[in-house]
Every structure is written in C-alpha cells, then in structure tokens.
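*Asks:* Please see the structure below; I have some questions.
The values are calculated or read from the model by the stated rules, or taken from the named source; none is laboratory data. Computed from a predicted structure; not experimentally measured. Cβ coordinates were reconstructed from backbone atoms using ideal geometry, including for glycine residues, and neighbour counts include every protein chain displayed.
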Amino acid sequence: MTLQPGHRLGRYEILEAIGAGGMGEVYRARDTSLERDIAIKILPDAFSNDPERSSRFEREAKAVSSLNHPHICTLHDIGNDDGIRYMVMELIESETLQSRLARKPLSFEEALEYAIQIADALACAHAAGVVHRDLKPGNVMLTKSGIKLLDFGLAKVQREESGAGVDSETPTQQKDLTSQGAVLGTFRYMSPEQLEGREIDARTDIFAFGAVLYEMVTGKKAFDGASEASLIAAIMESEPDSITTSKALDWIVRTSIAKEPDDRWSSMHDVKLHLQRLSNVDEPDATQPSRGSSVVAWSVTAVAVAVMALVVSLMSGDRSPRRATKRFAIHPPEAATFTWRDSPEISPDGSLLAFVAESAAGIRHLWIRPLDDLEARELPGTEGAEQPFWKPDSRSLGFFAGGYMKRIEIDGAAPKTLTPNPSGKGATWNRDGTIVFSPQLGPLFVISDSGGGLRQVSVLDADRDEFLHRYPVFLPDGRHFLFVVQAAGPKNSGLFLGSVDTQVKKKIGSMPSRAVFVPPEHILFRGEAALMAQRFDLGRLDLAGDPFVVDEAVAGARTFGGATFSVSENGVVVFRPQTTSLSRLVWFDRKGNSLGSIGDPAEYNSLDLAADGTRILVEVLAPETRMGDVWILDDSRDTATRITHDSDWEFGVSWARDDAAIHLEIHTVSGFIRYGT
C-alpha cells in the first residue's frame with residue numbers, strides 16, 4: 001500500500017516516501033505531538049492480515065524497543081491504523097554502507113571501526129534475545145557518530161517462524177512472505193542453516209557479519225553467483241579468497257563464516273573483543289619455517305600505546321587510583337613500528353613521550369613526541385637504540401645502542417657515550433646525576449651521568465639461585481631504588497629494595513615485575529592480568545595494604561620482570577596493552593601452499609618440528625597466568641599430549657637425539673629438563 005503525503009496514521013503525518021523493499025515501505029513522517037520528524041515503516045499485508053503474526057510482532061517489538069544502544073536505530077512506537085500496521089523509528093539521514101561501498105571503498109581503519117560498532121550492537125541485541133536475521137550493508141547506516149543498525153524489530157519477529165520470504169537486495173522488489181517452508185533474509189548474506197530452513201540462533205548473525213566484514217575490507221562480495229542457484233551453491237560449498245592485508249582479520253572472518261554454526265564464534269561479544277584487540281595491533285608477515293621445516297605460525301603484536309591520566313585520591317580514606325576521562329592511543333611514526341622489547345617512556349614532567357620505533361629497513365631509532373602534538377621527532381645518532389630512560393629534568397635521555405650506554409639531550413645535540421655495555425635491561429637516573437643500570441646478565445651497577453668508572457650495587461645470592469637483577473627504578477629520595485630479582489623458580493624471585501650506598505637488598509613483594517613509584521604513596525606494577533597498584537610507605541620503605549587493579553593488562557615479557565608501561569610524576573600513565581596473540585599452526589609445502597592446520601588456536605611461544613615431520617613440540621601459554629606448558633602435537637595421530645604441569649618458566653623447547661632414543665629438551669630458568677619419548 002502506497003501512502004500519499006498528508007496521510008495520517010494516528011498522530012503521525014506522512015511527508016514523503018524514502019524507501020521500499022520486500023519488508024515494507026518507509027516514509028518520512030512528522031510526529032505532530034512531539035513536533036519531530038521520524039521514519040515510519042508500513043508492514044506488508046502478510047503481517048497486517050494475520051492475527052497470530054500481528055500478536056507475535058507486538059510482543060517481539062516490545063523486546064526490541066527495550067534495546068538502548070548508540071549503534072541501534074531506536075524503535076519508538078508501533079501502531080495499527082485502519083488495518084495498516086506500522087513501526088515508528090528514529091529518522092537517520094545518511095547513506096547506507098551499501099551505497100558507500102558502491103561509491104568508494106573503505107580504508108582498513110574505517111572498516112575495522114565500523115565492524116567493532118556493528119559487533120557491539122549485535123552483541124547487545126543477542127544478550128537481550130534478539131536475533132537480526134537480515135544483516136546486510138543495506139541495513140547499516142553511516143552517520144557522523146558512527147553506524148546505525150536498522151530493521152531489528154522486523155528481523156526478530158520472524159525468528160520463530162518456520163517459513164517466510166526472501167528480502168531482495170533490489171529496493172523495489174517484493175516477495176510473498178506467506179509461503180510455507182521458504183527462507184527469510186537476503187541471499188548473499190544468509191547462512192547455510194538459513195538456506196536449508198534449519199533452526200537459527202545468534203550464530204546466524206555472526207555468519208552474515210563475517211560476510212559483511214569481508215566486503216568492507218576487500219570491496220568484494222564474500223559469496224557471489226550469476227544466479228540465485230549459483231549464489232546458494234557458493235554459500236553452501238565455497239570459500240572466499242583470503243584477506244591478504246591482515247591475516248588476523250582473515251582468521252576472524254573465516255571463523256565467522258564457517259559452514260557449520262558450531263565452528264563459528266560462540267558469541268558476537270567474542271568477535272568484538274578480537275576486533276578491538278586487532279584495532280590496536282599490527283601484524284608481521286608469517287615467518288619462514290626454521291630448520292627447514294614446513295610449519296609457520298603467525299601472531300599479532302601491539303603497535304599502539306594507551307595514555308591515561310592517573311590521580312591518586314586521599315579523600316575519605318580512599319587510597320585507590322582514579323582514572324581521569326582523558327585517554328587516547330598513540331601510533332608509531334609512518335612506515336615504522338614499535339618494538340616489543342622496549343617500554344614507551346613518559347617524561348617525569350608528563351609532557352613528552354620517548355619510544356623506540358623500527359623502520360621498514362629494520363633499523364631502530366629513538367623518537368620523542370609531545371603529548372599535545374600529533375608529530376613525533378626522530379633523535380639523530382640513536383641507531384640501534386633500546387631501553388630509553390629519562391633524566392629527572394625531562395631534558396635528557398639515556399639509552400643503550402651499539403654495545404654502549406649513551407645519553408642525549410633532546411634539543412638535538414649529538415649523543416655522548418657513557419660506558420661499554422652490550423645490552424641493558426633497565427636503567428634509572430636520579431637528580432644527583434647517578435645512574436643505576438642492569439647489564440644483559442648479572443647484578444646492578446652505578447655510573448655517573450658524565451661517565452667514568454662503574455661500581456657494583458647489588459650482589460647475586462648464590463644460595464637463592466639468583467641469576468639476574470633487572471629494571472631498577474629510583475624512589476623519591478634518590479638513594480633507594482626498586483628492582484627485580486630473577487632466581488631459578490618463582491619462590492626466590494620478586495621485587496626488591498636496593499640502595500646506592502650499600503649492596504644490601506630487601507625483598508618487598510613476590511611480583512616479578514618492574515615497579516614505578518607514583519606520588520604520593522603508590523607503586524604501579526604489572527600483575528598477572530592487569531596494571532596493578534599498591535601503597536608504598538616511604539617512611540618504612542615497604543609495601544602497605546593490598547594490591548588492586550588500575551587498568552587493563554599491560555604487555556611485557558612473561559619472565560625476567562619486563563613490563564611496557566611508565567608513569568610521570570604528575571600521574572600520566574603510558575602503557576602498551578596486552579594482546580592475546582592467538583595463532584594457528586599451519587602446514588605449508590615448499591611452494592607455499594597451505595596443507596591444513598594442526599592443533600587448536602592458542603597463544604604459542606616456541607616450537608620445534610621433530611625429524612619425522614609429524615610431531616611438533618610446542619609451548620602453549622595460559623591466558624590467565626601467562627605461564628606456559630609444553631605439549632606434543634602429533635599430526636599422524638591427530639593428538640595433543642601435555643608434557644609439563646609445573647609453574648617453572650619454560651622459554652624454549654627442542655628435540656634432541658642420542659644413540660639410544662629421541663628426547664625432548666625444555667629450557668627453563670632452572671636449567672634443562674630432558675624427557676624421553
């Protein structure tokens with residue numbers, strides 16, 4: 001039924017037609033009571049003339065109207081005027097994703113941003129028991145504030161029906177909605193179970209989402225055909241070409257569009273989390289197999305750091321840090337990437353960020369960027385830089401490069417060499433010009449910022465099996481410092497207190513993490529699952545109270561105390577978020593052809609292929625603890641066997657052969673462990 005301008009449906013006055021399709025006609029209308037323009041969709045006669053469908057529609061519409069989400073088009077009202085059933089919706093004056101893709105392709109960043117918003121909207125709906133069933137680019141509006149997802153109410157009302165019609169992509173084409181046993185949705189984005197008339201659930205939306213996301217990223221349809229029959233065959237039997245710009249995104253999409261619902265993501269919330277992680281990461285290409293094997297594993301690495309303001313409130317006895325709302329991400333310079341081993345370092349006054357970035361040629365340089373500026377500046381003469389650290393005046397930086405510890409003034413002066421040192425593992429600078437630093441291995445040393453001789457300020461305790469002292473950080477008195485002790489096993493490892501005046505040290509905590517003092521009375525450190533804080537009594541030089549979570553997980557090494565965060569004296573925190581680098585182990589032949597995968601997606605740390613070419617020795621990290629255990633994946637038997645069940649830090653696995661048998665060796669901080677096979 002076509003309505004003319006001026007027609008009234010209750011208090012709504014029709015102004016003009018703005019669209020039509022198999023699911024009804026859409027009009028711009030005026031709400032005469034609230035004096036605002038809205039959108040009205042007139043439902044097909046199949047709904048209006050069927051009492052059972054009408055009753056179900058009203059129940060479901062009430063559920064959909066309760067959805068309150070910034071990326072879901074709001075359903076304001078439903079009504080029946082002289083047999084005409086209608087829906088009153090938020091009026092969105094913008095273009096659809098379908099028209100945008102036809103006019104101009106999306107950038108990778110735009111596609112990822114829109115995908116996260118769509119996933120969040122669907123996750124909200126699914127949590128309320130609402131399934132869309134007709135997700136497609138034509139139902140996604142692009143507005144200045146982000147996407148808006150349309151047609152939720154109509155999609156949900158048909159969820160329980162055994163038969164319905166097909167909503168064509170052609171805007172003016174109409175289909176019969178009453179035929180028993182037909183399917184509901186848009187062919188191109190329909191899941192196999194929809195096409196077969198099987199029971200559907202939220203995973204049907206996940207399939208459609210994967211097809212839409214593929215189209216957003218590649219500019220091509222995930223499934224295509226010259227006819228409806230060939231299109232259906234493509235959905236049921238074929239796979240789209242790989243997304244070559246992002247292996248991680250390709251994996252997310254392929255899991256979403258798996259033929260069987262049980263092989264897809266279990267929820268849109270999971271999809272959203274993976275996309276959010278990907279939005280802050282960059283990916284290296286798949287590395288070439290080692291030792292001539294044909295196994296390749298890929299993972300994602302972080303490329304953005306988050307910045308937030310941290311204010312410690314002492315009001316009403318509240319000792320917990322409270323985060324201000326100012327929070328933003330910083331990305332590396334063009335054609336460069338952040339290095340995983342180096343923490344971004346905020347200056348003591350909170351105005352400048354120093355970081356190490358690696359060029360496309362693989363050369364590392366030291367960069368600085370004001371937090372109130374979008375441009376970073378490379379510091380000349382810092383080739384090969386790593387582990388930067390600030391002088392308290394925020395005008396000088398120390399770093400390690402080319403086998404030396406160096407310092408450089410940020411005003412552009414050439415760097416000065418302080419002392420030979422192959423590779424540092426943390427350094428700290430006090431106001432008196434004293435630097436405490438950790439070499440690659442062993443105890444801590446002190447040197448003047450003008451150079452000169454070294455003096456040892458810590459001693460490895462052989463009785464406690466200590467082998468590393470790392471990541472010193474001065475306390476406000478400039479004499480004492482916190483540092484990490486690494487021993488053979490976690491019992492004797494942890495956070496210690498040291499002094500430039502004596503080699504005596506005191507253990508103050510079991511956390512094996514670099515810790516930074518935050519005025520007036522807290523330290524920040526990396527816990528198992530988050531950035532943590534705990535009170536620190538400067539009078540007693542010891543911890544007080546219980547630790548608590550400040551923010552999300554912070555990236556860093558699982559062992560030896562690494563943690564990629566820093567904090568200024570005025571409470572600006574910079575950190576690189578921890579990302580779970582789920583990987584698939586994939587077999588390739590020597591021509592680069594994929595031969596299939598082995599094992600489940602997991603976070604793999606190290607691996608070695610057995611000489612028989614069928615067994616893989618691999619370390620798998622537990623997401624909760626970041627600790628690893630060793631498994632054997634046997635491709636010939638399709639089995640996975642766990643070898644270790646301990647809390648020691650494994651950091652390397654390998655196969656070994658002697659005259660009697662084949663063994664596997666596991667490298668830990670306690671030494672080498674050999675197992676027979």
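*Asks:* Filter region 255-302 for residues that are in a loop (DSSP other than H, G, I, E, B) and under 30 Å from Met190 (Cβ atoms); which is modelled with the lowest pLDDT?
*Replies:* Checked region 255-302; the qualifying residue modelled with the lowest pLDDT is Ser266.
*Asks:* Go through region 203-228 and give me each residue that's of a type outside the set (Asp, Glu), buried (at least 22 other Cβ atoms within 10 Å of the Cβ) and over 18 Å from Ala248 (Cα atoms).
*Replies:* Arg203, Thr204, Ala208, Phe223
*Asks:* Let me ask you something else. Ser54 - would you say it is at pLDDT below 85, surrounded by fewer than 21 Cβ atoms within 10 Å (Cβ to Cβ) and more than 28 Å from Thr143 (Cα to Cα)?
*Replies:* Considered against the rule, which asks whether it is at pLDDT below 85, surrounded by fewer than 21 Cβ atoms within 10 Å (Cβ to Cβ) and more than 28 Å from Thr143 (Cα to Cα), Ser54 comes out as yes.
*Asks:* Can you find even one residue in region 470-478 that is out of contact with any Phe, Trp or Tyr (no Cβ under 9 Å at 6 or more places or on another chain), touching a residue at least 24 places away in the same chain (Cβ under 8 Å) and within 28 Å of Arg395 (Cα to Cα)?
*Replies:* yes
*Asks:* Select from region 383-433 the residues that are within 32 Å of the chain's Cα centre (by Cα), of a type outside the set (Asp, Glu) and assigned to a loop (DSSP other than H, G, I, E, B) and list them in ascending order.
*Replies:* Residues satisfying the conditions are Gly384, Ala385, Ser394, Ser423, Gly424, Lys425, Gly426.
*Asks:* Are any of the residues in region 230-240 within 26 Å of the chain's Cα centre (by Cα) and surrounded by 13 or more Cβ atoms within 10 Å (Cβ to Cβ)?
*Replies:* So far as region 230-240 goes, yes, one or more of its residues are within 26 Å of the chain's Cα centre (by Cα) and surrounded by 13 or more Cβ atoms within 10 Å (Cβ to Cβ).
*Asks:* Of all residues in region 342-377, which are out of contact with any Phe, Trp or Tyr (no Cβ under 7 Å at 6 or more places or on another chain), more than 12 Å from Val574 (Cα to Cα) and outside any loop (DSSP other than H, G, I, E, B)?
*Replies:* Val356, Glu358, Ser359, Arg364, His365, Ile368, Arg369, Pro370
*Asks:* Looking only at region 500-520, count every residue that is surrounded by 14 or more Cβ atoms within 10 Å (Cβ to Cβ), modelled with pLDDT of 90 or more and part of a loop (DSSP other than H, G, I, E, B) and tell me the total.
*Replies:* 1
*Asks:* Could you please let me know if Arg407 is modelled with pLDDT of 90 or more and touching a Ser or Thr at 6+ places or on another chain (Cβ under 7 Å)?
*Replies:* yes
*Asks:* Continuing with the same structure: Mind listing whichever residues of region 460-493 are among the β-branched types (Val, Ile, Thr) and modelled with pLDDT under 95?
*Replies:* If the condition is that a residue be among the β-branched types (Val, Ile, Thr) and modelled with pLDDT under 95, then Val484, Val485 are the ones that fit.
*Asks:* From Ala119, Ala155, Ala128, which residue is at pLDDT 90 or above and either under 24 Å from Met216 (Cα atoms) or surrounded by fewer than 17 Cβ atoms within 10 Å (Cβ to Cβ) (or both)?
*Replies:* Ala119
*Asks:* Please verify whether region 81-89 includes one or more residues that are surrounded by fewer than 14 Cβ atoms within 10 Å (Cβ to Cβ), small (Gly, Ala, Ser) and touching a residue at least 24 places away in the same chain (Cβ under 8 Å).
*Replies:* Yes; the residues of region 81-89 include at least one that is surrounded by fewer than 14 Cβ atoms within 10 Å (Cβ to Cβ), small (Gly, Ala, Ser) and touching a residue at least 24 places away in the same chain (Cβ under 8 Å).
*Asks:* Please list, ordered by first then second residue, the pairs with beta carbon atoms under 7 Å, 6 or more apart or interchain, first in region 587-608 and of a type in the set (Val, Ile, Thr), second surrounded by 12 or more Cβ atoms within 10 Å (Cβ to Cβ).
*Replies:* Cβ pairs passing all conditions: Ile598/Leu585; Ile598/Trp587; Ile598/Ile616; Ile598/Leu633; Ile598/Asp635.
*Asks:* Kindly check whether there is at least one residue in region 93-103 that is of a type outside the set (Phe, Trp, Tyr), over 15 Å from Met268 (Cα atoms) and part of a strand (DSSP E or B).
*Replies:* Yes, there is a match, as at least one residue in region 93-103 is of a type outside the set (Phe, Trp, Tyr), over 15 Å from Met268 (Cα atoms) and part of a strand (DSSP E or B).
*Asks:* Does Ala488 meet the test of being under 31 Å from the mean Cα position of the chain (by Cα), surrounded by 15 or more Cβ atoms within 10 Å (Cβ to Cβ) and on the phi < 0 side of the Ramachandran plot?
*Replies:* no
*Asks:* Of the residues that make up region 320-338, is at least one over 25 Å from the mean Cα position of the chain (by Cα) and at pLDDT 90 or above?
*Replies:* So far as region 320-338 goes, no, none of its residues is over 25 Å from the mean Cα position of the chain (by Cα) and at pLDDT 90 or above.
*Asks:* I would also like to ask the following. Starting from region 195-210, take each residue that is assigned by TED's automatic domain parsing to the domain that holds Ala258 and list its partners that are of a type in the set (Phe, Trp, Tyr), counting only C-beta distances under 9 angstrom and pairs at least six apart or across chains.
*Replies:* Once the first residue is assigned by TED's automatic domain parsing to the domain that holds Ala258 and sits in region 195-210, its partners that are of a type in the set (Phe, Trp, Tyr) give Leu195/Phe187; Arg203/Trp265; Ile206/Trp265; Phe207/Tyr189; Ala208/Tyr189; Phe209/Tyr189; Gly210/Trp265.
*Asks:* Oh, and also: With the condition kept exactly as written, say whether any residue in region 414-426 is crowded, with 17+ Cβ neighbours inside 10 Å and touching a residue at least 40 places away in the same chain (Cβ under 8 Å).
*Replies:* There is at least one residue in region 414-426 that is crowded, with 17+ Cβ neighbours inside 10 Å and touching a residue at least 40 places away in the same chain (Cβ under 8 Å).
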